[in-house]
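Everything on this sheet refers to the single structure shown next.
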Amino acid sequence: MKIAIIGGGIGGMTLALSLHDAGLHDVDVYESDARVRELGVGINVQPHAVRELTELGLQDQLAAVAIPTAELAYYSTHGQRIWGEPRGLAAGYRWPQFSIHRGELVLILYRAVIERLGEDRVHTGYHLSAFGQAGSRMWADFIDRASGEANGRIEADLLIGCDGVHSVVRQSLYPDEGPPKWNGVTMWRGITRGKPFLAGRTMIMAGHFARRVVAYPISRQMEERGEALLNWVSELKTAGDQPMPRQDWQHKATIEDAVRPFEKFKFDFLDVPAMIRSADAVYQYPMVDRDPLPTWNGFEMGRGAVTLLGDAAHPMYPVGSNGASQAILDARVLARELATQSTVEEAVTAYDAERRPATAAVVAANRKVGPEQCMQIVEKRAPHGFTNLDDIISMQELEEISRAYKLTAGFDPATLNSRASHSVRRSVEPSVKPEN
Ligand SMILES: Cc1cc2nc3c(=O)[nH]c(=O)nc-3n(C[C@H](O)[C@H](O)[C@H](O)COP(=O)(O)OP(=O)(O)OC[C@H]3O[C@@H](n4cnc5c(N)ncnc54)[C@H](O)[C@@H]3O)c2cc1C
């Protein structure tokens with residue numbers, strides 16, 4: 001069975017590795033960019049996704065560069081601590097949580113794909129322009145986006161759109177959907193060389209949904225030198241909910257735009273304005289998501305063997321640090337189903353039935369600010385600060401907010417530690433057959 005993965009981001013690369021691991025070796029990745037580069041700033045990979053990457057044999061490589069996050073803490077606009085909880089191994093998970101540069105994560109995955117599947121399986125400079133059915137198979141046309149020249153047509157038994165928030169595959173399946181939905185929040189992202197703060201491996205959030213800062217260290221090498229490579233995001237709600245014109249992850253902004261709304265965020269544990277002012281570069285991006293879809297199953301839509309994965313399937317607000325983790329889970333479940341069901345249609349149907357509702361719940365939870373509800377509540381009840389936190393929000397309420405989000409997003413420690421693995425190891429090509 002020939003499988004074409006459209007998009008070589010975190011979802012696409014993890015899918016290639018997972019399929020290979022499950023015994024499906026005829027897999028090609030088509031990536032729009034001319035080469036796989038270390039783009040982006042920091043992201044979090046939660047224990048449910050680190051488990052999957054560990055089962056793919058990548059934990060040592062991740063641990064060599066990433067920070068195993070040990071604590072997550074929420075603060076008010078005034079820098080008063082609202083809630084802190086252990087994360088990763090410190091929280092009793094069998095797998096760590098990693099804070100890592102997105103580019104380094106993509107490179108680890110890419111190198112593993114090259115090593116295991118072969119260099120000729122990753123086709124860079126291949127931007128999908130159209131696809132369709134040809135009898136029982138699928139075809140896909142590509143262009144070189146830099147030159148605009150056609151790059152040829154391929155055929156495959158299954159096409160998987162891992163092509164991100166502006167997915168061409170999704171647009172073709174849902175032509176009337178329009179652009180992603182912007183909630184009016186502008187995010188500025190950057191990386192600053194600084195000093196460790198609080199417990200060193202702490203991720204903090206301060207403020208509330210309309211004016212929020214997130215900061216955490218992402219480099220093991222810097223930590224070993226007693227320093228910290230701080231990934232930060234500053235966010236400000238500047239408009240109402242509306243469609244957002246296309247903008248890409250490399251859109252640069254001025255440092256002053258990012259720092260202006262946060263001049264008062266000078267806390268005793270972190271001087272936020274100073275951190276932002278010392279960044280190498282600042283990138284600006286609107287906070288967008290999309291409504292959950294009624295199906296990701298091309299068979300059900302009369303479009304044949306095509307489906308969606310990762311941000312192409314379920315872009316979500318980055319409030320619970322789950323976008324990349326959910327893409328990794330999608331990849332593992334789809335590979336498992338393709339290796340164990342008897343037809344591609346059955347596999348895509350089972351994948352859709354499991355992952356679509358699960359990720360729709362995370363999209364919905366993130367719209368209600370997910371685990372960060374505690375910051376909203378404190379801002380609403382005590383906008384000028386508090387003397388005694390218990391008078392503002394009870395410990396029980398705080399615990400429930402944290403517990404409920406983990407259950408929704410699939411990383412409640414007890415469930416994750418005890419659930420069966422998604423790994424399917426086969427020495428021979430599994431029996432799954434292309435459609436007739
Ligand atoms: C350049 C970049 C930087 C990012 N930086 C951050 C960050 O700093 N912090 C953060 O939290 N999240 C970041 N993200 C998003 C984050 O990586 C994703 O939310 C998450 O990992 C989901 O991964 P994905 O593979 O589904 O989508 P993505 O990571 O978006 O990957 C999609 C891939 O598909 C490729 N592609 C797009 N269209 C086509 C096409 N028509 N044909 C072929 N290939 C196509 C893209 O070039 C990309 O490599 C970034 C994404 C990108 C693409």
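The values are calculated or read from the model by the stated rules, or taken from the named source; none is laboratory data. In this text, all values refer to a predicted model and were calculated from it rather than measured experimentally. Protein only, heavy atoms only, side chains kept; ligands, DNA and RNA dropped before computing areas. Shrake-Rupley method; radii C 1.70, N 1.55, O 1.52, S 1.80 Å.
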Spatially proximal aspartates and glutamates relative to K195 (Cα-Cα < 13 Å; intrachain offsets below 8 disregarded):
E223, E224, E227, D271
Report, please, the projected area of the chain averaged over directions, based on the convex hull of its C-alpha atoms, in nm².
20.2
Solvent exposure of segment 1-155 as accessible area per residue, Å², 1.4 Å probe
35
Rounded to the nearest 500, what is the 222 nm mean residue ellipticity of the chain from helices alone, with -39500 (n - 2.57) per DSSP H run of 4+ residues and division by all residues?
-9500 deg cm²/dmol
Whenever you get a sec, line up D141, D330 from highest to lowest accessible area (probe 1.4 Å, protein heavy atoms).
D141, D330
Measure out, as a whole number of angstrom, how far apart the alpha-carbon centroids of segment 179-203 and segment 301-321 sit.
24
Please give the per residue accessible area of segment 289-377, computed with a probe of 1.4 Å over protein heavy atoms only, in Å².
27
Potential extension, D141-A34 segment - 0.36 nm per residue separation minus Cα distance:
36.9 nm
For segment 21-36, in residue order, the Karplus 3J(HN,Hα) values (coefficients 6.51, -1.76, 1.60; θ = phi - 60°; whole Hz; Gly and Pro = x) are 4, 8, x, 9, 9, 8, 10, 10, 10, 10, 10, 4, 5, 5, 8, 7
Which ³J(HN,Hα) values in Hz, rounded to whole numbers, follow from the phi angles of segment 157-173 under the Karplus curve 6.51 cos²θ - 1.76 cosθ + 1.60, where θ = phi - 60° and Gly and Pro get x?
8, 8, 10, 10, x, 10, 9, x, 5, 9, 3, 6, 5, 5, 4, 6, 6
Output the pairs from K181/K264; K2/K181; K2/K252 with a Cα-Cα distance over 32 Å in this structure; if there are none, say none.
K2/K181; K2/K252
Per-residue ³J(HN,Hα) for segment 174-179, Karplus 6.51 cos²θ - 1.76 cosθ + 1.60, θ = phi - 60°, Hz, x for Gly and Pro:
10, x, 8, 5, x, x
Rounded to a whole number, what % of the accessible area of segment 75-206 do carbon and sulfur atoms account for, probe 1.4 Å?
48
What figure, in Å² to the nearest 10, do you get for the accessible area of R425 with a 1.4 Å probe and non-protein molecules left out?
150
Amide hydrogen neighbours beyond the local backbone of E31, cut-off 5 Å, H modeled:
G7, H123, T124, G125, Y126
